[in-house]
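Data block below; observations after.
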Amino acid sequence: MRFSRGPLLAIAIIVATVAPVAGHSLLLSSMPAADAVLQTSPAYVTLRFNNRIEKRLSRVRLVDEHGAVAAAPTAMAKDQSAETLVAAVPPLAAGAWRVEWQVFSTDGHVVSGSYRFRLAP
């Protein structure tokens, strides 16, 4: 019986291209949540990922609807897990805000993303 190598080759290519992506950090949850409408300015932005991140090489930025950036330095919490990044938030003005994050995964890759929330006191 003779087997065709075509399907096996196709499977090998798919596995080779998908497997490295599986190691990258994925955002699992955030506080404030994406698309949340808040009554008061949050004191912190908390981002939880699916694996460990290098916090010293990771960052969070808050950008308002006009493109102005509010400083959001990362903060170290005593009970913070290796998968969580926390950024201190200055008092924010009412309006739409975009959280932009960039983390350095322990697999050696830089991963970034963003989401929005609204402050409507």
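What follows is calculated from the coordinates using simple rules that are stated; it is not laboratory data. Remember, it's a predicted structure, so these values are computed and weren't measured experimentally. Cβ sites come from the backbone with ideal geometry, for glycine too, and all protein chains shown count toward neighbours.
I want to check the label-to-label distance for SER29 and ALA88. Put each point 7 Å from Cα in the C-beta direction and report it in nm to one decimal.
Result: 2.5 nm between the two label points.
What residues qualify as long-range amide H neighbours of SER58, i.e. H under 5 Å apart, gap of 5 or more or another chain, H built at 1.01 Å from N?
Distant-sequence amide H within range of SER58: PHE104.
For ASN51, what residues show an amide H to amide H distance below 5 Å, using hydrogens built from the backbone and excluding near sequence neighbours?
LEU26
With a ≥ b ≥ c taken as the square roots of the eigenvalues of the C-alpha gyration tensor of region 25-119, please select rounded if a/c is under 1.5 and otherwise prolate if a/b is larger than b/c or oblate if it is not?
Taking the square roots of the gyration eigenvalues as a ≥ b ≥ c, region 25-119 is prolate.
Mind checking the full-extension length gain between LEU38 and ARG56? Use 0.36 nm per residue of separation minus the Cα-Cα distance, one decimal, nm.
That works out to 3.6 nm of additional length.
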